[in-house]
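Each remark here refers to the structure printed beneath this line.
The values are calculated or read from the model by the stated rules, or taken from the named source; none is laboratory data. Every value quoted in this text rests on a predicted model; they were computed, and no experiment measured them. Here Cβ is always computed from backbone atoms with ideal geometry, including for glycine, and neighbour counts include all displayed protein chains. Just the protein is used for accessible areas: all its heavy atoms, side chains included, with ligands, DNA and RNA removed. Shrake-Rupley method; radii C 1.70, N 1.55, O 1.52, S 1.80 Å.
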Amino acid sequence: MGDVLVVQNSRSGGPARLGDWLAEAGHELDVVLAHDGAPLPDRLGHDAMIMLGGGYLPGDDDRAPWLADARRLVGQALAEGVPLLGICLGGQMIAEVAGGEVLGDAGAPENGSVPLTIRPEAADDPLFHGLPPVVPAVEHHKDAIIALPAGAVWLAETQACPYQAFRVGERAWGVQFHPEVLPARIREWRADGFDPGEVYATAVADEPVSTPIWREVTMRFAALVAERAACAYETRPRAYCQRA
């Protein structure tokens, strides 16, 4: 099947169950521990890319010097139609590279399992179509997207942070939440102003609902990766695969 570049931006912020689901679909993950000094490739030669979260803004090059290379690869994926998923910091990076705006300490922070409202624009989206009107998702952020790129499709929202999910072009998705996270991970997070026990209990209660939904969304992304990989073995021009 396909190979997926996964950029890890913090020690504990790995692909987790998202990686398990992609492996289940037959894909191989190339996880680059960028936070630990592992170099990112000069060019994106993979069939897809996932940009994970981390405690940075997309342009925090002074604190995280690898982010400049990460933005370059995101730009290449957007330009070439490579399937791309950005989570939390990764979603903010897609928005910023594509011309949107991200702000640190924006609005009310979100932590733990939060109900997302799926917007009408998601009805024909390749990943978000057919989801329930309200879906629980795990959040952990205080920075936020404050303006989507021109032409982006707005897919999901919360009252505290409107831009929870969006699509740029045909194959790039950014999400503010963490579809890869199980409730146990929440216990490792520090979040001032939240009761840890209550946050964890809510996530445990929501997990049987949220897990099948985010697994299905991941499998839809996996299908796009498989399509991209198949193009590499066909004689059709790469531009055709970008449009398909």
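The table below gives the values:
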| item | result |
| --- | --- |
| Three-way shape call for region 35-179 based on the alpha-carbon gyration tensor, with the a/c threshold at 1.5 | oblate |
| Rounded to 5, the percent of DSSP beta bridges in region 82-191 classed as antiparallel | 85 |
| Region 136-204 - percent relative contact order, Cα under 8 Å, separation 6 or more | 26 |
| Between region 55-75 and region 5-35, the alpha-carbon center distance in angstrom | 18 |
| Theoretical ellipticity at 222 nm over the chain - DSSP helices of four or more residues, -39500 (n - 2.57) apiece, nearest 500 | -10000 deg cm²/dmol |
| Residue range of the chain that is longest and free of trypsin sites (Lys or Arg not before Pro) which are both DSSP loop and sparsely packed (at most 13 other C-beta within 10 Å) | 64-186 |
| Highest average packing first - 53-62, 193-202, Cβ atoms within 10 Å | 53-62, 193-202 |
| Region 54-196: relative contact order in percent, alpha carbon pairs under 8 Å with at least 6 residues between | 27 |
| Accessible area of the chain divided out per residue, in Å², using a probe of 1.4 angstrom | 45 |
| Antiparallel bridges, percent of DSSP beta bridges restricted to the chain (to nearest 5) | 55 |
| Percent RCO, i.e. relative contact order, over the chain, from Cα pairs under 8 Å lying at least 6 residues apart | 21 |
| Surface share of carbon and sulfur [accessible, 1.4 angstrom probe, percent] for the chain | 53 |
| Net charge, Val138 excluded, C-beta distance under 10 Å - Lys, Arg +1, Asp, Glu -1 | -4 |
| Distance between modelled label sites at Glu188 and Ala205, nm, 7 Å Cα→Cβ extension | 2.6 |
